[in-house]
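Student: Following this message is one structure expressed as structure tokens.
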Amino acid sequence: MANDVIVETRNLTKIYRDFWGRQKKVALRALNLEIYRGEIFGLLGPNGSGKTTTIKLLLGLLFPNEGEALVFGEPATQVKKNERIGYLPEESYLYRFLNAEETLDFYGRLFDLPADQRRQRAQKLIDMVGLSQDKRRILKEYSKGMRQRIGLAQALINDPDLVILDEPTSGLDPIGTRWMKDLILDLRKEGKTVIMCSHRLEDVQDVCDRIAILNEGELQELGKVDVLLEDANRVEMRASGLRLNDELRRDLDEVLQRYGGKLEFIGHPTTTLEDLFLRIVKESKEHPGRRYLPPKEGEDKKTDDGEKPIGSPFAKEGADAEG
């Protein structure tokens, strides 16, 4: 396993001091972490918990007061190792008067990529992040979500082995967020290691293999997401082909009581708001002109063709639509 460790911190400590050398803030205290090849690692914590300081220490932008950080087995202060790292900051400080192609060409030059390789790599990344139609527009005209996409492209221009993403879904709508999460999963399939900082816990839950939770500069929790989220004191059961009734509830309660348990809740499963949103948008594209209409009293909620119940009724297309 030692050969698979991409990032390691040992007693990593960073203390900010004032002009006179007096201690002002302990940003990170004795952090011990190991991040393995090919995993998506989530770094979580409230504002001021030490996440950004940790990233800057790994990139060699800051120097620790105690301990050490190793990346690819080398000290994080070695600038050479950054050639294998891609970094997307929370706010991408890109040149606003360059277009997407010029931006990626500029960053490709920083990594000494040959001209042909820069052009091929830039075009591939522009297509991947969905900016093919806007690649000649200057970044000043981009929305925040579009800037986030080109920022990700520049982070991948050098085909890095380690990708560090700070709030990667910031500024993205739900469709863009789903796209970003799928892309992060694709990076793992390519064998890349991803470190992801985010305040959107649902995003972290969807894509991360392991997480570390920091608070006040100290590591509070570390482990696999599914293990940490498991509630060992509760048992979840799912069944199909039946509807709830008092008799079923009573029988289940009796069985659970025999084993010392208690029936807390029984009900039909729900989807997530993200899944609902994406499904509605997809259906609206498949049925242009359809719109929501409140159901009439006593009327079942159905699709346009009246076959399958759905969560929200819609008007029929064209001349059949009311109002």
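Student: If you check P114, P64, P75, which single one turns out to be crowded, with 16+ Cβ neighbours inside 10 Å and either closer than 21 Å to D182 by Cα or assigned by TED's automatic domain parsing to the domain that holds R200 (or both)?
Tutor: On the way: P114 fails: crowded, with 16+ Cβ neighbours inside 10 Å; P75 fails: crowded, with 16+ Cβ neighbours inside 10 Å.
Being crowded, with 16+ Cβ neighbours inside 10 Å and either closer than 21 Å to D182 by Cα or assigned by TED's automatic domain parsing to the domain that holds R200 (or both) holds for just one of P114, P64, P75, which is P64.
Student: Please count how many residues of region 53-76 are in a loop (DSSP other than H, G, I, E, B), of a type outside the set (G, A, S) and within 27 Å of the chain's Cα centre (by Cα).
Tutor: Residues meeting the conditions: 3.
The rows are residues; the columns are (1) more than 30 Å from Y142 (Cα to Cα); (2) free of Cβ contacts under 8 Å to residues at least 12 places away in the same chain.
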{"site": "F19", "(1), (2)": "yes, yes"}
{"site": "Q23", "(1), (2)": "yes, yes"}
{"site": "V26", "(1), (2)": "yes, no"}
{"site": "I40", "(1), (2)": "no, no"}
{"site": "F72", "(1), (2)": "yes, no"}
{"site": "G86", "(1), (2)": "no, no"}
{"site": "L98", "(1), (2)": "no, no"}
{"site": "E102", "(1), (2)": "no, yes"}
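Student: Assuming G261 fulfils every condition listed in (1) in a loop (DSSP other than H, G, I, E, B); (2) at pLDDT below 75; (3) at negative phi apart from one, which condition is it?
Tutor: All conditions pass for G261, except number (2).
Student: Those residues that are among the charged types (D, E, K, R), in a loop (DSSP other than H, G, I, E, B) and in contact (Cβ under 8 Å) with a residue 12 or more places away in the chain, I need them from region 112-140; list them, please.
Tutor: Matches in region 112-140: K135, R136, R137.
Student: Quick check: anything in region 38-45 small (G, A, S), farther than 22 Å from E74 by Cβ and either under 24 Å from the mean Cα position of the chain (by Cα) or crowded, with 20+ Cβ neighbours inside 10 Å (or both)?
Tutor: Looking for residues that are small (G, A, S), farther than 22 Å from E74 by Cβ and either under 24 Å from the mean Cα position of the chain (by Cα) or crowded, with 20+ Cβ neighbours inside 10 Å (or both), one finds at least one in region 38-45, hence yes.
Student: Return yes or no: is T169 at pLDDT 90 or above, of a type in the set (S, T, Y) and assigned by TED's automatic domain parsing to the domain that holds E34?
Tutor: Answer is no for this residue.
Student: Next question, about the same structure. Tally time: how many residues in region 30-51 are touching a strand residue (DSSP E or B) at 6+ places or on another chain (Cβ under 7 Å) and within 16 Å of L219 (Cα to Cα)?
Tutor: 15
Student: Here's a follow-up. Go through region 79-111 residue by residue and tally those that are of a type in the set (D, E) and either exposed (fewer than 15 other Cβ atoms within 10 Å of the Cβ) or assigned to a loop (DSSP other than H, G, I, E, B) (or both).
Tutor: Going through region 79-111, the residues of a type in the set (D, E) turn out to be 83, 90-91, 101-102, 105.
With either exposed (fewer than 15 other Cβ atoms within 10 Å of the Cβ) or assigned to a loop (DSSP other than H, G, I, E, B) (or both) added as a condition, the list becomes 83, 90-91.
So the answer is 3.
The values are calculated or read from the model by the stated rules, or taken from the named source; none is laboratory data. What you are looking at is a predicted structure, and each value in this text was computed from that prediction instead of being measured. So basically every Cβ, Gly included, is an ideal-geometry build from the backbone, and we count neighbours across all protein chains shown.
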